[in-house]
1. So, in the stretch 37-96, of the ones that are over 30 Å from residue 191 (Cα atoms) and in contact with a helix residue (DSSP H, G or I) (Cβ under 8 Å, 6 or more places away or on another chain), which residue ends up surrounded by the most Cβ atoms within 10 Å (Cβ to Cβ)?
2. Tell me which residues, restricted to the stretch 177-186, are surrounded by 20 or more Cβ atoms within 10 Å (Cβ to Cβ) and in a helix (DSSP H, G or I).
3. Taking the condition assigned by TED's automatic domain parsing to the domain that holds residue 206 and exposed (fewer than 15 other Cβ atoms within 10 Å of the Cβ), does residue 28 pass?
4. Say whether the condition of being closer than 26 Å to residue 180 by Cβ and under 9 Å from the mean Cα position of the chain (by Cα) is met by at least one residue in the stretch 130-146.
5. Only one residue in 139, 104 is under 21 Å from residue 41 (Cβ atoms) and modelled with pLDDT of 95 or more. Which one?
6. Please go through the stretch 187-211 and pick out each residue that is in a loop (DSSP other than H, G, I, E, B), within 12 Å of the chain's Cα centre (by Cα) and crowded, with 20+ Cβ neighbours inside 10 Å.
7. Condition test on residue 62, is it more than 18 Å from residue 206 (Cβ to Cβ) and free of Cβ contacts under 8 Å to residues at least 60 places away in the same chain?
8. Any residue in the stretch 247-259 that is modelled with pLDDT of 80 or more, on the phi < 0 side of the Ramachandran plot and not in a strand (DSSP E or B)?
């Protein structure tokens, strides 16, 4: 445990030396949702899913009660929209790079910032990062996320595919077969052990991030060898630099200098 803690501390030190000016602000509050095109906005929870938002606003009954699962199949066939407004001050958030990060979108989503499309997502299992430095305005900004029905999105692909692919429940209709064509949790489409709730939503946190010069985009630590008194470990770091030049990295008492070149 002590060794792991030391590694974490060193990595944090590394980040501070790569980018001396940075910020990270969560945008998980004050979201609202609506069936797309309806304009009747209700309070939403982010991270979350549309079924829970409907339930929390007393717009549907308990999905697990009796045969409500069947009565609520209409949810999976609709488009759903989420909206948030936040203030931006370029004096306070003064970094060279500003990114909007969605750690999880379920699943087919179009993201608009102040009315302009900045992202089209199609995978529930990955994160999405968009550079929005030149798209923010001083004052109130609007983020809107429009989710397309995964059933409607993939229906033609299922119908036109020349082979029959397996799915969680072979006794169900074509709406279940779309699970083979989408990067979305398969159990959402129903299984022998669980109900069918093909939901949509911002299922992981949303963040606004700012940084200068360079940032650590990923890291991984692996054990090379281990003995009773010591361990040999290797940490692999992926660094993204937006400006070429010489960077000094301080790693505990070790000081290294690297030349980073800008790549598109």
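1. Selected residue: 42.
2. Across the stretch 177-186, the qualifying residues are 177, 178, 179.
3. So residue 28 fails the test.
4. no
5. 139
6. 202 - this is the single residue of the stretch 187-211 that is in a loop (DSSP other than H, G, I, E, B), within 12 Å of the chain's Cα centre (by Cα) and crowded, with 20+ Cβ neighbours inside 10 Å.
7. yes
8. no
The values are calculated or read from the model by the stated rules, or taken from the named source; none is laboratory data. As the structure is a prediction and not an experimental result, all values here were calculated from the model. Note that each Cβ is placed from the backbone with ideal geometry, even for glycine, and that neighbours are counted across all protein chains shown.
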